[in-house]
Structures are given as structure tokens and as C-alpha cells.
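Presented below is the structure to which this report refers.
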Number of protein chains: 2
Amino acid sequence: MGVLNSLQVDLGARSYPIEIGQGLLDGLGDGLKPLLKGRQMAVLTTETVAPLYLERAQASLTAAGFDVTPIILPDGETSKSWQALNQVFDVLIGARFERSSTVVALGGGVIGDLSGFAAASLLRGVNFVQVPTTLLSQVDSSVGGKTGINHPLGKNLIGAFYQPKKVTIDIDTLRTLPRRELLAGLAEVIKYGIIWDAELFARLERDLDAFLALEPTVVAEVIHRCCAIKAEVVSADEREAGQRALLNLGHTFGHAIENLAGYGEILHGEAVAIGMVMAADLSHWLKLCPGNDVARIRELVERAGLPLHAPKHAVEAYMDAMSRDKKVEAGVMRFVLMRGIGSAMISSDVDAAVTRQVIEAYAVA
Amino acid sequence: MGVLNSLQVDLGARSYPIEIGQGLLDGLGDGLKPLLKGRQMAVLTTETVAPLYLERAQASLTAAGFDVTPIILPDGETSKSWQALNQVFDVLIGARFERSSTVVALGGGVIGDLSGFAAASLLRGVNFVQVPTTLLSQVDSSVGGKTGINHPLGKNLIGAFYQPKKVTIDIDTLRTLPRRELLAGLAEVIKYGIIWDAELFARLERDLDAFLALEPTVVAEVIHRCCAIKAEVVSADEREAGQRALLNLGHTFGHAIENLAGYGEILHGEAVAIGMVMAADLSHWLKLCPGNDVARIRELVERAGLPLHAPKHAVEAYMDAMSRDKKVEAGVMRFVLMRGIGSAMISSDVDAAVTRQVIEAYAVA
């Protein structure tokens, strides 16, 4: 029990700690007390997470002297909307939030993104704390400061870069996570291995079963490594001008897949898994990445029980969806490609004909 | 004609220039070209400003190679709403805005605040340029990075700190500004004298008539001095923790006055003028500020044709509105008080009974 691993995300005045361990929900209040001046706090969570963890989180926060307003939202991407954000503002303003007040996100990426944007925008910025309860949010969205909501024309089109005061990752929460979502999160874990760390990738090949059985040491170490990689990339490049873009491996294809499938039909991590395999194949066709590495990636994705094919839609529908991505610059699509496992690169110079071939080969599900 | 004065707001990587002069609208495009990578641009303006200046601005921007989408919004505070912001997002996303695209605010504070928040939030941040056309926005809201929209429960409750790439102040636009709005802007000019610069205050006492006759040298110099003061304060304190709060002289009372009068009934500058006189009297009653300075402030405000009294409402209605202000911390109201003309201070320790007396004395209009 307690903290197993921890790290500091180094962003100057906006630096913050990440703690990873077991049973951390019960120590939430005491851990936050020295970091926060104001007592007023809202805990944003979902209808699924609330019955599992809200009471424990709230008890700990209240015992530490915080004045907690819980806000329970429906599950799913629909909560990353104007309407939900407005409801949150109404509650926070009604509760007389001040700049020293705090928004706590207790849940997955949707809750984290929505809460973070609410915290960033209310009074031009109140305190923000992340308590991610899904593997995906633990290794990805809770680190790096990206917050936001969706627009009918695309995901995450409205938002802010806004850093939390602290991230508390209680890996016990993974025990109640549906297996499909655990696997979706694993896709992002695999991503870190591909873009940055061949050793992490090899460890996943070796320890996949232990990880999926939620063996605490393995899970905490792997999450720690993912957070450290993301923190390293983000510290060097907070506003996504350069290196940070490597984290988008599989996301250019992935966002188009999510967009065409309709939000919620396919999980983000599943779309990224497919997108990574597509990016690996694209890299191979462009003679950047050895075929053996593509095979290892495909095999690990498959062993992890993740999908390998995208929903069947016209190639041009994919091209169109991809051209609306935030990462498009001056009309040019940028891809994250790989030279091999552990080494990625950005390219704005991918032949559209090859891109279309890859889409054709994968959009068959 | 041309640039009469200029300065640089020093905020490290987010530094930007302010240019003040005559006929600057016609050089807008050429001036922005070297600063902006993307060609895509939207010019946000109002139904009043559009027929006066949109064509000239657009011609200059188009000639410089920008691809301009004009967005014309209704006048007034109602455009600082969710609904208006959403309409703006719909247009920008529909026009396929990218991170290198630019939002230009052509108008007063409402357009500046709304445009800035739209620029800050779209794709988590696109370029932003301010072309303020009212005196108030030229000396106040266009410098400092505060952006945002209103909420039914209060002004500017939702927003972001977001810096423009450039501010272009064409003082010729003041020739079409209604006199009531010119005077409202003058209230903020007087404020800079009171909180920071006794010499500026004395100059206003001396040159009031020349300023109101829009004598270019006087106007450009006074605006330059106001921007320089604001830039100095903001550079030292971007996120409003300390010194920046001095800029809020008259605003604790002023926001409550605006709130109770109903948005749009009383101009922001008028509310600030009344609030400054109230704050001066409060400072005198608290034995901080000599009576002679209060008299000079009241006299200049009166000579400028600005109101000296607040709308008649119950004292508790004012206290309640003031307690909802963003600047409230841990339930404690903070006031900007003055030791005399040119020297201000923050106090969280004002006897509520004295505050009530001041309200009682002024809320009689």
C-alpha cells in the first residue's frame, strides 16, 4: 500500500508532482492540503465512477478540511460538450468559487479534459488536480496539460493548455476498469515503447500477462515509465511545437477513425492501436521502418486483444477527416512515422497516394 | 500620419509590440505579415464598427496576402456570451482554422475580450491581434492579456490570460467614437494617474480640453503613457497575484455598479469613475488619503463629464454583488485604496461598516 513510484513534471513555475501507488484515494486530502490555499473544492466524476470511488475520495478530502461539492456527469464523450461545461460553470459559480478554489477530476480522460478546461477558464484559472481512474488517463491525458471539449466537427477543438497542481494515480482503481478499457489504455502504453523506449516495448512483450493480471509492481513501474516519458517530452515542449508531436503516433489515423466511427463507438485507445499499426505500415512502405519491427508491433497489439482494422468508409472520407486535424499546418498533414521500435520522427512529406493505399488496406472492418 | 509612439510589452516568449499613431489601419496588413506564419485570418467586429473601418482593414490585410473571413457581431455586452462565442467557433472551425491562423479584434473591449478568448481556446490557442477602436480598449483591455466572456451571474467569469501578437492603436478611430464612450475611456486614463503617476494626473488636469478635442500629439502621448504603465504592471505580474491588482482601482465598487444597473445601462468606464471616487473617499475615511487629493479626483472626474453617483439600490445588494467579484479570496473582499494621487495599495482589511457608509453616501442616483 502507499506510494510505489513518483516523479516531478518540470515546467518551471508550473511544475507538479505525480504519485503512483495503491490505496492513494484514502490519502488524497492530506496530500493536497499543503499544496492548496483555498478550502473550496469541486470533485467532478461520472455516473460510473461515483458509486465506486466518490465516497472514499470525498471522505478523505473532507477530513482534511476541504469544502467539497461533488458534480456527477453522464459517462462518455457527450460530457465533453458545451452543455456539460456550462452546467459545471453554473455549479462552480453558484458555489462562489474563487481563484484559490480547486477542481478535482476523478475519472477517465473525458472527466480530466472537461475538468481541466473548466478549471482553466473559470475566473481565468483556478486550481486543478487530477485523480485519473483509467489506464488511458493515467498514462496519457493526466500528464501534459491538454484540456478541452469537443465540437460537432471534431474532437478537442476547444480547450487550453493548463497544468494540474498534482496528479494522484491510485492503481487499485484499475481493478474495476472494464477489460476493454484496460486494453485501450494499453495501446497508449505500447505507443510510448514504439516512439521512445525499445526497452519498455520489450518489457511489454515479456510482461504482458503480468500487466493484464494487474500485478502491482509491474503496473506501477510501467505507468511510472510512461508518465516519465510523457513528462520528459512535455517539459521540453509544452505547447506542442516540436518533439511533443511524437506523442501523436497513430493519432492522425486514430482521430479520423474515431470521427468516422462516431464518438463513443470505438475507444480512443482502440483507434490509436489501429492508427499505430497503420503508421508502422506506412513507415515500412516509405522504406523507413524494417518489416520485422512492423511485425512485432502488430503481434503485440494483437496479443493485447486490440483491433487491427478500421471501420469501412470511403478512403476520401478518411482523408477529409484527417485534413481537419488540429495538427494540420498550412493544409499539410503531418504524420508521426517510425524508423523502428524506440525511434520516431515527424514528417509533413508523405505521398498522399501511399497514405490512401494504407487506408485502403486497413479500413475493412 | 503613421506611428507616433510605440512600446514593447515584455513577457519573455510572449512579448509583443504596441503601435500608436494615425492612419494605421491602412498599414495593418504589412505590419502583421512578418509576425504571422499562417495566411488564414478572421476579423471580428461589430455592427457599428464594420461600416466605419472593416473595409479599410480588410483591404489592407488582403493586399498583404491574408485570407480574411469577417465576422460581424451585434454591439454590446450581449456579444460576450456563450452563444456569440459558439457562433464564432462555428465560423472559424468551418473556415478550417489552423494553429497558425489569426483572430483579429477590430473594435472595443467587448470584441477584444471575446476574440481573445476565442483565439485562446480554439485548437488550444491560435494567433491573436488587437486593433482597439475605443479609448477604453486602447488604454485598458487591449494590454494585459485578459480575455473572456460574461456569465449570467457576473462579468468576465469565464476566460483566459492570453497575449496578442501585436496591438495596433489607430487614434483616428476615436473621431467616430460617441462622446459618452470617449469620456468613459477617460475614466481609466484618470485611473492610471491616480494609482501610478501623479504627473500624468497633473497633465490631465492641464490638458483635459486638448485631449477631449482629440489633439493628436496629446492623445497619442497620453495613450502611450497609459499603455506603458499597464505594460509595466503586467510584465511584473502577468497573472494578477500582486501589483497588477492596483489596476482594479474603482473596480470592486465599479463591477457591483455595472452588475446592479444591468449590463449596458451604465458604461464600464462610468462605473469605474464612480468606483474611483468611492475608493478615494473610502481611503480618506480610513485616514489613508488627504482630503485635498479626494477633492482633486472628484473635480477632474466632474470636469470630464463623468458621473459621481451610483444607482440607488440597497446597501446589501451592493455588498452581495461585491462578494461575488473574482478578486474575492477566502471570502475576504480586497480593495484598492490610495495614499494620495500617484500612490495606491491593496487592502483586505477594510471595515465593512465603513464600506457600507460609503455605499450609502454614493448609491443615490
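Any read-out appearing in this document is the output of simple, stated calculations on the displayed coordinates, not a laboratory observation. Everything numeric here is computed off the predicted structure, so don't read it as measured data. Quick reminder, even Gly has a Cβ in these numbers, built from the backbone with ideal geometry, and neighbours come from all protein chains shown.
Taking label points 7 Å from Cα along the Cα-to-Cβ direction, B:S348 and B:R206 give a separation of 4.1 nm. Charging the Cβ of each Asp and Glu at -1 and of each Lys and Arg at +1, and nothing else, the dipole of the range B:1-95 about its Cα centre rounds to 300 debye. For A:E215, the distances from its label point to the matching points in the remaining copies are 8.5 nm, ordered from shortest, with each point set 7 Å beyond Cα toward Cβ. Would you please state which residues of the range B:89-120 a label at A:A314 would reach in this model, taking the label point 7 Å out along Cα→Cβ and a backbone N cut-off of under 11 Å? Output list for this probe position: empty. For the peptide A:120-129, the mean number of other protein chain Cβ atoms found within 10 angstrom of a residue's Cβ is 5.
Please give the charge dipole size of chain A, origin at the Cα centre, charges +1 on K and R Cβ atoms and -1 on D and E Cβ atoms. Round to the nearest 20 debye.
720 debye
Taken about its Cα centre, the protein assembly as shown carries a charge dipole of about 380 debye when Lys and Arg each add +1 at the Cβ and Asp and Glu each add -1 at the Cβ. The modelled label-to-label distance for the pair B:D75/A:A13, using points 7 Å beyond Cα in the direction of Cβ, is 3.9 nm. Just the number: Rg to Rh for the range B:2-176, Cα atoms, Kirkwood Rh, two decimals. Rounded to two decimals, Rg/Rh equals 0.92. Counting only Cα atoms, the size of the range B:109-168 along its three principal axes is 31, 27, 15 Å, in decreasing order. Here the peptides A:219-226, B:339-346 are ranked by packing, the mean other Cβ count within 10 Å, and the order with the highest first is A:219-226, B:339-346. Considering chain B at the alpha-carbon level, its Rg and Dmax are found to be 19.8, 61 Å. Listed peptides A:89-97, A:20-28 appear in the order A:20-28, A:89-97 once ranked by packing, highest mean of other Cβ atoms within 10 Å at the front. In a DSSP loop and with at most 13 other Cβ atoms within 10 Å, the GluC sites (Glu not before Pro) in the range A:1-95 are A:E47. With the biggest extent put first, the Cα atoms of the range B:274-365 measure 36, 28, 21 Å across the principal axes.
On average over all directions, what projected area in square nanometres does the range A:179-362 have, based on the convex hull of its Cα atoms?
Result: 9.8 nm².
Could you point to the residue in A:L267, A:V103, A:L4 farthest towards the positive end of chain A's charge dipole, with +1 and -1 charges on the Cβ of Lys/Arg and Asp/Glu respectively? Final value for the positive-end residue is A:V103.
The radius of gyration of the Cα set in the range B:38-108, together with its Dmax, comes out at 12.0, 33 angstrom. For B:M1, the point set 7 Å out from Cα toward Cβ sits 7.9 nm from its twins in the other copies, listed from shortest up.
Distance from the Cα centroid of the range B:263-302 to that of the range B:332-365 is 10 Å (rounded to whole angstrom). Alpha-carbon geometry of the range B:151-213: the Rg and the Dmax are 15.4, 41 Å, given in that order. Pairs of C-alpha atoms in the protein assembly as shown farther apart than 52 Å represent 16 percent of all such pairs. Note on B:D26 and B:D90: with the Förster distance fixed at 35 Å, the Cβ-Cβ geometry gives a FRET efficiency of about 0.70.
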